[in-house]
Structure formats: C-alpha cells, structure tokens
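Before any comments, here is the structure.
The values are calculated or read from the model by the stated rules, or taken from the named source; none is laboratory data. Predicted, not measured: the structure shown is a model, and the values here were computed from it. Backbone-built Cβ (ideal geometry, glycine too); neighbour counts: all protein chains shown.
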Amino acid sequence: MEMKYYIRYILVLLAAGIIQAAGIAQDSLSYYLQQAALNNPGVKASYLEFSAALEKVPQASSLPDPQVSFGFFVKPMELPGGNQVADIQLMQMFPWFGTLKAGKDEASMMARAKYEAYNTSKAELFYRVKVSWYRLMKYDREIELIKENLDVLESIEKVAILKFQSPASDLQAKGMNSSGSMPGGSEGTMNNSGNNMGGKIQQTGVLSNDPTNIYSSSMSSGMKNGSSGMQNVLRVRMEILEQKNKADLLIDLRKTEEASFNALLNRNLESHVNTPDSLVIETLPADRLAIADSIMKNNSMLAMLVNETDTYKFMEQKAKKMGLPMVGAGLNYMVLQERSGNNPTMNGRDMLMPMFSLSIPVYRKKYNAMQNEARLMRDAGNQRIIDLRNNLAIQYRQFIQAIDDAERRIALYSEQENLARKTTELLLSDFSSTGAGFEEVLRMQLQILDYSFKHTEAVVDYNTSVALAEMLINSIKF
C-alpha cells in the first residue's frame, strides 16, 4: 500500500514537470490547480501527515524488543560443575496470535484515513482556487462592461451638448428677425399689426401696450430649453463620474482577490493572474442524478470517516488480543570456572539453558477499558458517518437549488439585457431627433449595465455550483 501512494505522488510531480517543460497553457485554470496542489502548504501538511501515518505500519507490526541481561559475580558461586562467574540471559516476548496483525491493520486503516484527509484538503483547495478564479473573471468582465457603458454615456453626453446648443442658435435667429423688422416697417404698419394681434395678445394675458412682450416670451422659452439641456449634460457627467468610481473600486477588489488567489498557490501575492477574455458556462461533471450517487460513493470526507471508523474495529480486536497471555522464549548462558576436586568431565564447562516465560494478564480492568474505548469510538464514528451523509444530502439539495436558480437567472437577464438594448436604441434615436426622453435614455442605459452585471453574476454562481459538485464527488485528480 505504501509504495502505491508514493508512486502516485511521484507521478503528480512528473506531470507538473512535463507541463512546465512543455510550456502548455501556463495561465490556464488546470495549470493553476496543479501548482496549488504542489505548492499549497495546507495540502503539503496533509500529505506529510499521511506519510507519517504510513511509518506507523511497520511499528505496529513489529515484535517487542528482546531483553538481554548480564550478571557478574564478584565472588564466584560454587556449583557442582564449577565456579559460576557470570550469567547472561536473552528473552524475546511474543504477543498472542493475531495481536500484531490487528495492530498492523489498525495502522494501515489509519493511514488510509489520513490519505482521504489529504484528498479532502486537496479537493477543498481546488474548490477555493476555482471560486477565486471565477471572481477574478467576474471583476474583469464587470470592468469591461463599465468601460463599454462609459463609451455610450460619453456619446449621449455629446448628443446632449448638441441639444443644449441648438436652442440658443434658434433663439439668436429669432431675435435678429424681430430687430430687423421693427425699423424697416412704417408706423401704420406697426399699428395695424398691433390691432390685428391685440385680441390674441389680450387673450394670452400679455399687455397690448408693451411691444417687447413677444420677444420676451420667446426669450423665456429659449432660456427654459437651454436650462433643461444644461441639466441633461450635467446629469450625464455625474453618471460618468459615478461609473468611473465603480470601475476604480472593481480594480481594487480585483487586486485583493488576486492576492488571495496567489496565496492559495503559495507564490508572490503581487503576481499578475491572467484570465480568459470570455466568461463561459462550465459543464457539470456528470448527470444530476449520477452526482447524487457519486457523492455517497466518492466523497473523500466520507471515505475518511469510514476508514477511521474501521480503525476502531481493529483497535478493539487488538485490545482483546492484548488481554491474552504473552509467551516468552530465551536462553540462559552461565559462565563457569574449573574448580579443583570436581569431576574433570563437567568441571568448568559453561552451561546453556533454554527458558520459557508466560505473562499473566490478571488486571483485566485496563484491557476491558481499552475494548470499551474502541467500541465507543467506533459507535461515535458511525454516528458521524450518518451525520455527514445527511449533510451531504442537504448540500446536494442546495446544489440543485443553486444551479437551477443560476440557470433561470442566466436566461432571464440575458433576455432582459437584449430587450433593454433594443429599447435604448429606440429611445436614443428619438432623443437625437427631437431631444425628448432624455431621462428614459439614461435610465435604460443604466438598466442595461445592471442586467449585464446580474447576468455575469449568474454565470459565476453557476460555475461555482459546478465547482462545488466537483469537490463533493472529488472528480479532479492530480
């Protein structure tokens, strides 16, 4: 098992090296995901914990260390076979049959749990990288939309300025006609004109004895039109300033998000991140019903809890085996010296004696407590598995709701944006010819920008939901 995991990690390193050497799609999302998997300190820590767990497998399957004792007699002990001057003992204890296997299975299962924890950390990292990536694309798209909107607003401003200047030109022309006709006509003509217009002037409430009332009325009408035109120009300029401020804010937000993205890759926070020009809708990794089944089968967090719970099963078996006697086997070697007067055949010959020992686990409380502990931890693990499955089912339901809502909003705001653009074209054409409907032109242009922003946000929400599904089923493998 250990070699399999090491080979897999080496393949990841080789794949990343091949991509870097070939220079393929250095700014693509797949490239950034691989860089994050290799360089993120959190993922590295998870992999090191898994590697450390693998080192416990040989520890759990090893025999206890043999015991060697050595004794030296200051005054030799007299024995029938000679004088004993030293005693050497070697003893090896053997746990009960199956104890070491249970310990090895426990350590192996815990290593598998750590590996699934590493997969969980990596899946969560990929999700965070994707979410940050989509936010960067969202900011770039919104900045581009504001630039397009500013171009349109500047065009509207030019039209408003022309409309503001045209009433003054008309008024000046009218004034010249009035001044030219007054000196050129006779007094009788003026009286006749006054008599003919007297009734109309009196009906309109203008004093007939004031010959400047007609000119004053025209001047007043021109001033009103000029004031209205100036208001339109000022309103457009106010909105242009507002849109420029929004663009600056989005640029600052992008810089902050770019720093967060670089932190996930564990590289310089000031590194620039290039995104594609177009924001496309991602494809689901599988059918919606298939995703529900894949979550319960492939979710790395669920697999981690299952392996951890199985660990407690082997822990209980090991505790039970430890409550049985341990058998010891060894040798006792006695160093003898020759002693005068003894039988020369046995005199001074060293003695070698096999030994056997047996531990008696009479204190049962600790062994029973160890078994109860493992049993309770296994029951707790089963409850955590049930709880996680319920939460995963809820997350799947939330995923379906979010992706359905995103699909509806994408279609809605796309249609509303198209309708708003057509309406704005008609209103702008009418304003250019007649000067009427300026407020509607400005409002609809801002409505286009709002629908474009909402459409972009809906696409990002959809792609984020796709990334969530990929995390839940752990579909990205590096």
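Can you tell me which residue in region 326-344 is nearest to residue 91 (Cα to Cα), limited to those that are surrounded by 15 or more Cβ atoms within 10 Å (Cβ to Cβ) and among the aliphatic types (A, V, I, L, M)?
327
Looking at region 418-431, I want the residues that are more than 13 Å from residue 155 (Cβ to Cβ) and assigned to a helix (DSSP H, G or I) and have a partner that is modelled with pLDDT of 90 or more and among the aromatic types (Phe, Trp, Tyr) with Cβ atoms under 7 Å, at least 6 apart or on another chain. Which pairs are those?
From residues that are more than 13 Å from residue 155 (Cβ to Cβ) and assigned to a helix (DSSP H, G or I), the pairs are 420/451.
Could you tell me which residue of region 296-330 is nearest to residue 392 (Cα to Cα), considering only residues that are aliphatic (A, V, I, L, M) and assigned to a loop (DSSP other than H, G, I, E, B)?
324
Check region 354-374 and report whether any residue there is without any contact (Cβ under 8 Å) to a residue 24 or more places away in the chain and small (Gly, Ala, Ser).
yes
Does residue 71 count as in contact with a Leu (Cβ under 6 Å, 6 or more places away or on another chain) and modelled with pLDDT under 95?
Values: in contact with a Leu (Cβ under 6 Å, 6 or more places away or on another chain): no; modelled with pLDDT under 95: yes.
No: the conditions fail for residue 71.
For residue 356, indicate whether it is under 30 Å from residue 84 (Cα atoms) and among the hydrophobic types (A, V, I, L, M, F, W, C).
Answer is yes for this residue.
If we scan region 361-372, do we find a residue that is at pLDDT below 95, on the phi < 0 side of the Ramachandran plot, not aliphatic (A, V, I, L, M) and not in a helix (DSSP H, G or I)?
Within region 361-372, one or more residues are at pLDDT below 95, on the phi < 0 side of the Ramachandran plot, not aliphatic (A, V, I, L, M) and not in a helix (DSSP H, G or I).
Suppose we keep only residues that are more than 21 Å from the chain's Cα centre (by Cα) and hydroxyl-bearing (Ser, Thr, Tyr) within region 274-325. Which one would you say is surrounded by the fewest Cβ atoms within 10 Å (Cβ to Cβ)?
309
Run down 394, 385 and say which single residue is under 25 Å from residue 53 (Cα atoms), among the β-branched types (Val, Ile, Thr) and outside any strand (DSSP E or B). It would help to see each step written out before you state the result.
On the way: 394 fails: under 25 Å from residue 53 (Cα atoms).
One residue alone meets the criteria, 385.
From the list 42, 71, which residue is touching a helix residue (DSSP H, G or I) at 6+ places or on another chain (Cβ under 7 Å) and either small (Gly, Ala, Ser) or surrounded by fewer than 14 Cβ atoms within 10 Å (Cβ to Cβ) (or both)?
On the way: 71 fails: touching a helix residue (DSSP H, G or I) at 6+ places or on another chain (Cβ under 7 Å).
Answer to the check: 42.
For (1) basic (Lys, Arg); (2) in contact with a helix residue (DSSP H, G or I) (Cβ under 8 Å, 6 or more places away or on another chain), each residue gets a yes or a no:
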| site | (1), (2) |
| --- | --- |
| 275 | no, yes |
| 278 | no, no |
| 313 | yes, yes |
| 328 | no, no |
| 355 | no, no |
| 361 | no, yes |
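For region 280-313, which residues satisfy the criterion of being out of contact with any Phe, Trp or Tyr (no Cβ under 9 Å at 6 or more places or on another chain), under 30 Å from residue 411 (Cα atoms) and among the aliphatic types (A, V, I, L, M)?
The answer is 280, 284, 286, 289, 290.
Go through region 51-108 and give me each residue that's farther than 30 Å from residue 317 by Cα, of a type in the set (Val, Ile, Thr) and in contact (Cβ under 8 Å) with a residue 40 or more places away in the chain.
Residues satisfying the conditions are 85, 88.
Quick one: count up the residues across region 98-145 that are out of contact with any helix residue (DSSP H, G or I) (no Cβ under 8 Å at 6 or more places or on another chain) and under 30 Å from residue 374 (Cα atoms). Steps first, please.
Filtering region 98-145 down to residues out of contact with any helix residue (DSSP H, G or I) (no Cβ under 8 Å at 6 or more places or on another chain) leaves 101, 144.
Remaining after also requiring under 30 Å from residue 374 (Cα atoms): 101.
Residues in region 98-145 being out of contact with any helix residue (DSSP H, G or I) (no Cβ under 8 Å at 6 or more places or on another chain) and under 30 Å from residue 374 (Cα atoms): 1 in total.
Taking the condition over 21 Å from residue 95 (Cα atoms) and either touching a His at 6+ places or on another chain (Cβ under 6 Å) or of a type in the set (Gly, Ala, Ser) (or both), does residue 300 pass?
yes
Does residue 258 satisfy the criteria of being surrounded by 13 or more Cβ atoms within 10 Å (Cβ to Cβ), of a type in the set (D, E, K, R) and out of contact with any Pro (no Cβ under 8 Å at 6 or more places or on another chain)?
yes
Conditions first: (1) surrounded by fewer than 17 Cβ atoms within 10 Å (Cβ to Cβ); (2) hydrophobic (A, V, I, L, M, F, W, C); (3) touching a residue at least 40 places away in the same chain (Cβ under 8 Å). Residue 436 passes all but one, so which condition is the exception?
It fails just one condition, (3).
Provide a single number: the residues in region 434-478 that are among the hydroxyl-bearing types (Ser, Thr, Tyr), within 16 Å of residue 125 (Cβ to Cβ) and assigned to a helix (DSSP H, G or I). Outline the logic, then answer.
The initial filter retains those residues of region 434-478 that are among the hydroxyl-bearing types (Ser, Thr, Tyr), namely 434, 451-452, 456, 462, 464-465, 475.
Of the ones still in play, those that are also within 16 Å of residue 125 (Cβ to Cβ) are 464, 475.
When the remaining residues are screened for being assigned to a helix (DSSP H, G or I), the result is 464.
Selection size over region 434-478: 1.
Kindly check whether there is at least one residue in region 461-476 that is surrounded by fewer than 19 Cβ atoms within 10 Å (Cβ to Cβ), over 30 Å from residue 299 (Cβ atoms), out of contact with any Leu (no Cβ under 7 Å at 6 or more places or on another chain) and at pLDDT below 85.
No: region 461-476 contains no residue that is surrounded by fewer than 19 Cβ atoms within 10 Å (Cβ to Cβ), over 30 Å from residue 299 (Cβ atoms), out of contact with any Leu (no Cβ under 7 Å at 6 or more places or on another chain) and at pLDDT below 85.
Scan region 397-405 and tell me whether some residue there is more than 30 Å from residue 323 (Cβ to Cβ), out of contact with any Cys (no Cβ under 8 Å at 6 or more places or on another chain), among the basic types (Lys, Arg) and crowded, with 17+ Cβ neighbours inside 10 Å. Spell out the reasoning first.
Residues of region 397-405 that are more than 30 Å from residue 323 (Cβ to Cβ), as a first pass: 397-405.
With out of contact with any Cys (no Cβ under 8 Å at 6 or more places or on another chain) added as a condition, the list becomes 397-405.
Among the residues that remain, those that are also among the basic types (Lys, Arg) are: 397.
Narrowing further to those that are crowded, with 17+ Cβ neighbours inside 10 Å: none.
No, region 397-405 contains no residue that is more than 30 Å from residue 323 (Cβ to Cβ), out of contact with any Cys (no Cβ under 8 Å at 6 or more places or on another chain), among the basic types (Lys, Arg) and crowded, with 17+ Cβ neighbours inside 10 Å.
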